[in-house]
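A.B. asks: Here you go, one structure.
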Amino acid sequence: MSTVGVLALQGDFSEHAAILTRLDAAVREVRLPADLEGLDCLIIPGGESTTITRLMAMYGLLEPLRAFAAHRPVWGTCAGMIVMAKHATDLDRETLGLMDISVVRNAFGRQVDSFETDLQIEEVPGGPFHAVFIRAPLIKDAGPNVKILAQIEGHGIVAARQGHLLATSFHPELTDDTRLHRYFLSFAAGMSGAK
Ligand code: GLN
């Protein structure tokens, strides 16, 4: 059984925790560097990236999270994607810079601040995934090591993977579909023994 951390500084960490519990994972809320000890993988939830990055710096989490991500799977959803990116527009604080992606915050504009759509996601079998977007970011540039998993026509990239690092613009924790959480847990299962 995996022990999954959920960064619990701000945002919808409890929704992620609820899905993980349904999948029989052991869940630990992460607020301080010591909370990372012994985790198999980590989820950075949606919320407000300005607040999350500010609190990460305040609690001394930047370097410990970077060290963790060097060897362990990390998945950022929505604001979490912004936190993982090398570059993010309109963000005056340091991100973790884990993934070679440039992200545009609030990329869908005011009139479609929130919407839902069915997405075909590579590496996630079983048909389209019903995706909930809430003031979502988009990936506008991705480096050569980044695999694009899903795009929205006319807009851009909304899911991508770089090795054991995953980023999604939308909120899989707000639906009943557990496929993306299971997909992410499979990264940790594939790396077990590497601890
Ligand atoms: N717009 C938010 C940000 O820039 C992200 C929104 C979300 O996580 N649902 O941080």
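The values are calculated or read from the model by the stated rules, or taken from the named source; none is laboratory data. Remember, predicted model here, so these are calculated numbers, not experimental data. Cβ atoms come from the backbone with ideal geometry, glycine included; neighbour counts cover every protein chain shown. Heavy atoms of the whole protein, side chains included, go into the accessibility calculation; ligands, DNA and RNA do not. Shrake-Rupley method; radii C 1.70, N 1.55, O 1.52, S 1.80 Å.
A.B. asks: Would you be able to say whether some residue in segment 146-157 is over 21 Å from residue 185 (Cβ atoms), open to solvent by less than 50 Å² (accessible area, probe 1.4 Å) and within 12 Å of the ligand (Cβ to nearest atom)?
C.D. replies: No: segment 146-157 contains no residue that is over 21 Å from residue 185 (Cβ atoms), open to solvent by less than 50 Å² (accessible area, probe 1.4 Å) and within 12 Å of the ligand (Cβ to nearest atom).
A.B. asks: Could you tell me which of the residues 40, 113 is in contact (Cβ under 8 Å) with a residue 12 or more places away in the chain and within 16 Å of residue 134 (Cα to Cα)?
C.D. replies: 113
A.B. asks: Tell me whether segment 118-125 contains one or more residues that are within 15 Å of the ligand (Cβ to nearest atom) and buried (at least 19 other Cβ atoms within 10 Å of the Cβ).
C.D. replies: No, because not a single residue in segment 118-125 is within 15 Å of the ligand (Cβ to nearest atom) and buried (at least 19 other Cβ atoms within 10 Å of the Cβ).
A.B. asks: If residue 115 passes every condition in (1) surrounded by fewer than 19 Cβ atoms within 10 Å (Cβ to Cβ); (2) away from the ligand (no atom under 13 Å from the Cβ); (3) assigned to a strand (DSSP E or B) but one, which one does it miss?
C.D. replies: (2)
A.B. asks: From the set of residues in segment 20-36 that are among the hydrophobic types (A, V, I, L, M, F, W, C) and surrounded by 14 or more Cβ atoms within 10 Å (Cβ to Cβ), which is farthest from residue 61 (Cα to Cα)? Give the steps one after another, and end with the answer.
C.D. replies: So in segment 20-36, the residues among the hydrophobic types (A, V, I, L, M, F, W, C) come out as 20, 23, 25-27, 30, 32, 34, 36.
Next, only the ones that are surrounded by 14 or more Cβ atoms within 10 Å (Cβ to Cβ) stay: 20, 23, 25, 27, 30, 36.
Numbers: 20: 23, 23: 27, 25: 23, 27: 19, 30: 10, 36: 10 Å.
Checked segment 20-36; the qualifying residue farthest from residue 61 (Cα to Cα) is 23.
A.B. asks: Go through segment 6-37 and report how many residues are more than 16 Å from the ligand (Cβ to nearest atom) and not in a helix (DSSP H, G or I).
C.D. replies: Number satisfying all stated conditions: 11.
A.B. asks: Let me ask you something else. Considering only residues that are open to solvent by 40 Å² or more (accessible area, probe 1.4 Å) and touching a helix residue (DSSP H, G or I) at 6+ places or on another chain (Cβ under 7 Å), which ones fall in segment 66-105?
C.D. replies: 93, 94, listed by residue number.
A.B. asks: Could you give every pair whose Cβ atoms fall below 6 Å, whose first residue belongs to segment 61-88 and is over 13 Å from residue 7 (Cα atoms), and whose second residue is part of a strand (DSSP E or B) and open to solvent by 10 Å² or more (accessible area, probe 1.4 Å), counting only separations of at least 6 or pairs across chains?
C.D. replies: Short answer, once both residue conditions are applied: 82/88; 86/100; 87/102.
A.B. asks: Here's a follow-up. Only one of 148, 134 is touching a Cys at 6+ places or on another chain (Cβ under 9 Å) and aliphatic (A, V, I, L, M). Can you tell me which?
C.D. replies: 134 is the lone residue from the list that is touching a Cys at 6+ places or on another chain (Cβ under 9 Å) and aliphatic (A, V, I, L, M).
A.B. asks: Okay, next question. Which residue out of 77, 53, 95 is touching an Asp or Glu at 6+ places or on another chain (Cβ under 8 Å), over 14 Å from residue 169 (Cβ atoms) and within 14 Å of the ligand (Cβ to nearest atom)? Steps first, please.
C.D. replies: Numbers: 77 fails: over 14 Å from residue 169 (Cβ atoms); 95 fails: touching an Asp or Glu at 6+ places or on another chain (Cβ under 8 Å).
So the residue among 77, 53, 95 that is touching an Asp or Glu at 6+ places or on another chain (Cβ under 8 Å), over 14 Å from residue 169 (Cβ atoms) and within 14 Å of the ligand (Cβ to nearest atom) is 53.
A.B. asks: Has segment 17-33 got at least one residue that is within 25 Å of residue 88 (Cβ to Cβ) and within 13 Å of the chain's Cα centre (by Cα)?
C.D. replies: no
A.B. asks: Okay, next question. Criterion first (open to solvent by 10 Å² or more (accessible area, probe 1.4 Å) and more than 20 Å from residue 169 (Cα to Cα)) does residue 17 satisfy it?
C.D. replies: Against the criterion (open to solvent by 10 Å² or more (accessible area, probe 1.4 Å) and more than 20 Å from residue 169 (Cα to Cα)), residue 17 does not qualify.
A.B. asks: Quick one: in segment 1-14, of everything that is at pLDDT 95 or above and open to solvent by 20 Å² or more (accessible area, probe 1.4 Å), which residue is farthest from the chain's Cα centre (by Cα)?
C.D. replies: Per the criteria, the residue is 3.
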